[in-house]
Every structure is written in C-alpha cells, then in structure tokens.
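K.L.:
I'd like to ask you about the structure that follows.
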Amino acid sequence: MTVKALTFDTYGTVVDWRGSVLSELEAFGASRRLGLDWSAFLADWRSCYRPGMEKVNSGEWPWTTVDAIYRRRLDELLQAHQIRGLDTAEVEHLSRVWWRLKPWPDSVPGLARLRTKYVISPLSNASFAGMVHLAKFAGLPWDCVITAENAKCYKPRAEAYRVAIGLLGLTPGDVMMVAAHNYDLRAAQANGMRTAFVPRPTEHGPGQATDLEPDGDWDVVAESLEDLARRLDT
C-alpha cells in the first residue's frame, strides 16, 4: 500500500466537539443563571447539521457554510428559550464555539508523528475559516487545509473527495481518508481512496450507538491517531 497523504475528518475524529461545546454552553448558562438542560440544547442545536448540508447538496439551498447553518439554528433556539439581552458580538462569539473545540488527547501527538512521513490535511465539512481558526486554537499541525468549502458541496458527495485529491496533486490511491464515521470512509473508498477507521465511542456522549465498530473493509483499523501512526510505521 503506497500512501503519500492523509486526509482527516475533523469533527469527532480529531476534536471532541460535543464535550467542548457542552462545556462552553454550561459556562454561558452559569454566567447568566440560566437553568436549561444544556445537553438537550446542544442536541437541538446540532440537529440542523445534517439536514442543512443535505439541502445544500440537493440544490434546495445555495452554497451555505456550516457556520451559517449553525448560526441560523442558534438564533432560533435563543428566541425559543427566551434568552435575551445578548448583543450581536456575544451571539457571534457563542456561535463560533465550533471554532474552539478541544482535540482528543491522542490527536496532536498522533498528527505530529504522521506528519513526519505524510502530507496531512483535514477534509472536513467545516468552513475554510472555521477549520483554520480551529487548527490555531487546538494546535493541529496540518500541512494545508481542505474543507467542503473548496468543493462547494458536503461529504459524502463525491466532489468533496475528488477536489481534495486534485488539490493535493495525487491519485486517489495515494490518499488515505481517516475518519471515525463509516459513511465517510464508504464514500472515500468509492472514490478510490485508502481508508482508516479510528473509533471515537464517546463522540456523541453516553449511550452512543453508532460507529462503535468498523462496518466496511477498511485498509486500517486503529484505536487512536497514535496507534494509526504506529500502524503506518511513523
């Protein structure tokens, strides 16, 4: 197996989006003495993620970044929960919590090891700006940044993977997609990419029932990004 570059799903695979956002929401609620179930609030907020992307991919919506999708839903939730008194800058800061996500403990050391041998880049459904700011916040040592915004469509559309391969100047078999989500790897594999599954069994919190095990014939199954580095001889 000849691999020259690794592309990574980022939300869930590299960073702990749920734990990070929930922590900020709870701190926000405590500062304003808001007695909400912030876990439920977060679930309701993130419920816009997949439907919003599907509307873009189907052509129902023009190109819309994930940031804009999340902001639209946040405005709706603030109104529904009668959370008032926030100025525009405060709402914008809260909305951009998705730019301030903590990496899993193995992510930065694992990426650093992998980077010694491979070109590494996100291939995320994040906005380009969001992924750049997240890399800065979390210390993610990417060689470059590729997101759905480069393709103006979202994974698992084939164009998202093909654009990444083209930008890297490589053939599909030269590029390995790394993800904690089987659907992502299935789409990458369908476009000729190599695949690595790294499960994150607590991504969705207690009681997670999805993506606990590989459900495809992936090239590598690793316990963590550091384990992936070992398996790829770095």
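K.L.:
Multiplying the sequence separation of R84 and D143 by 0.36 nm and subtracting their Cα-Cα distance, what value in nm do you get?
P.N.:
17.1 nm
K.L.:
Another question about this same structure. Which trypsin sites (Lys or Arg not before Pro) in region 135-189 pass both tests, a DSSP loop state and at most 16 other beta-carbon atoms within 10 Å?
P.N.:
K152
K.L.:
For K4, go through the lysines and keep the ones whose alpha-carbon is under 18 Å away, minus same-chain ones fewer than eight residues off.
P.N.:
Here the lysines satisfying the reach criterion relative to K4 are K117.
K.L.:
Which of the listed residues, P62, N191, S107, is farthest toward the dipole's positive end in the chain, when Lys, Arg count +1 and Asp, Glu count -1 at the beta-carbon?
P.N.:
P62
K.L.:
What number, rounded to the nearest 500 deg cm²/dmol, is the helix-based mean residue ellipticity at 222 nm of the chain, given -39500 (n - 2.57) per DSSP H run of at least four residues and division by all its residues?
P.N.:
-13500 deg cm²/dmol
K.L.:
Whose amide H sits under 5 Å from the amide H of M177, counting only residues 5 or more places off or on another chain, with H placed in the peptide plane?
P.N.:
T7, R194, T195, A196
K.L.:
Which residues does a label at R50 reach in region 186-205, if reach means a backbone N under 16 Å from a point 7 Å past the Cα toward the Cβ?
P.N.:
Those under the cut-off are 186-187, 203-205.
K.L.:
Per residue of region 186-193, what does 6.51 cos²θ - 1.76 cosθ + 1.60 with θ = phi - 60° give for ³J(HN,Hα)? Whole Hz please, x for Gly and Pro, Karplus curve as stated.
P.N.:
Karplus values, whole Hz, x for Gly and Pro: 4, 5, 4, 4, 5, 9, x, 7.
K.L.:
What are the ³J(HN,Hα) couplings of region 101-113, residue after residue, when phi is run through the Karplus curve with 6.51, -1.76, 1.60 and θ = phi - 60°? Round to Hz, x for glycine and proline.
P.N.:
With the stated coefficients, region 101-113 comes to 10, 7, x, 4, x, 8, 5, 5, x, x, 4, 4, 5 Hz.
K.L.:
Pop the C-beta distance of A30 and K4 into the FRET formula with R0 = 41 Å and round what comes out to the nearest 0.05.
P.N.:
The value I calculate is 0.30.
K.L.:
Right, something else. Among M53, L225, G19, which residue has its Cα furthest toward the positive end of the charge dipole of the chain, with +1 on Lys/Arg Cβ and -1 on Asp/Glu Cβ?
P.N.:
The residue sitting most towards the positive pole is M53.
K.L.:
Give the long-range amide H neighbours of A126: residues separated by 5 or more places, or on another chain, with amide H under 5 Å away, using H modelled in the peptide plane at 1.01 Å from N.
P.N.:
A148
K.L.:
Okay, next question. What fraction of the DSSP beta bridges in the chain is antiparallel, stated in percent and rounded to the nearest 5?
P.N.:
Among the beta bridges of the chain, antiparallel pairing accounts for roughly 10 percent.
K.L.:
Under a 10 Å cutoff between Cα atoms, tell me which one of R33, R96, R113 has the largest fluctuation in the Gaussian network model of the chain.
P.N.:
Of R33, R96, R113, the Gaussian network model singles out R33 as fluctuating most.
K.L.:
Right, here's the next one. Could you work out how far apart the two model spin labels at H93 and L167 are, taking each label as a point 7 Å from the Cα in the direction of the beta carbon, and quote it in nm?
P.N.:
Rounded to a tenth, the inter-label distance reads 3.0 nm.
K.L.:
Further question: Magnitude of the Cβ-charge dipole of region 1-144, K/R +1 and D/E -1, about the Cα centre, nearest 20 debye?
P.N.:
400
K.L.:
Follow-up. Over all Cα pairs of the chain, how is the pair count split among 5 Å bins, expressed in % and running from 0 up to the last occupied bin?
P.N.:
1, 7, 14, 19, 20, 17, 11, 7, 4, 2, 0, 0
K.L.:
What relative contact order, as a whole-number percentage, does the chain give when Cα pairs under 8 Å and 6 or more residues apart are counted?
P.N.:
25
K.L.:
Multiplying the sequence separation of K102 and F128 by 0.36 nm and subtracting their Cα-Cα distance, what value in nm do you get?
P.N.:
Result: 7.6 nm gained on full extension.
K.L.:
Want the number for D217 to E60: 0.36 nm per residue separation, take away the alpha-carbon distance, what's left?
P.N.:
Roughly 53.2 nm would be gained on extension.
K.L.:
So what is the diffusion coefficient of region 17-99 in µm² per second by Stokes-Einstein at 37 °C and 0.692 mPa s, using a Kirkwood Rh over Cα pairs?
P.N.:
244
K.L.:
Same structure, new question: I'd like the GluC sites (Glu not before Pro) in region 56-152 restricted to DSSP loop residues with at most 16 other Cβ atoms within 10 Å, sorted by number.
P.N.:
E60
K.L.:
Just to confirm a number: summing +1 for Lys and Arg and -1 for Asp and Glu over residues other than Q189 whose beta-carbon lies under 15 angstrom from that of Q189, what do you get?
P.N.:
Net local charge, Q189 excluded: -1.
K.L.:
So which aspartates and glutamates pass the test for K155, namely a Cα distance under 12 Å, with those fewer than 8 places away in the same chain ruled out?
P.N.:
Partners found: D9, E54, D184.
K.L.:
Among A135, A179, T2, which residue has its Cα furthest toward the positive end of the charge dipole of the chain, with +1 on Lys/Arg Cβ and -1 on Asp/Glu Cβ?
P.N.:
Checking the options against the dipole of the chain, the answer is A135.
K.L.:
Run the numbers on region 43-173 and let me know its relative contact order in percent, using alpha-carbon pairs under 8 Å that are six or more apart.
P.N.:
Contact order relative to length: 23 percent.
K.L.:
Under a Cβ-only charge scheme (Lys and Arg +1, Asp and Glu -1), can you give me the dipole magnitude of region 17-99 about the Cα centre, in debye to the nearest 20?
P.N.:
80
K.L.:
For region 48-96, compute Rg over Rh where Rg is the Cα radius of gyration and Rh is the Kirkwood radius from the inverse mean 1/r over Cα pairs.
P.N.:
1.05
Here, each number is a calculation from the coordinates, and none is a lab measurement. Keep in mind the model is a prediction, meaning the values are calculated, not measured. Glycine gets a Cβ as well: all are built from the backbone with ideal geometry, and neighbour counts include every protein chain shown.
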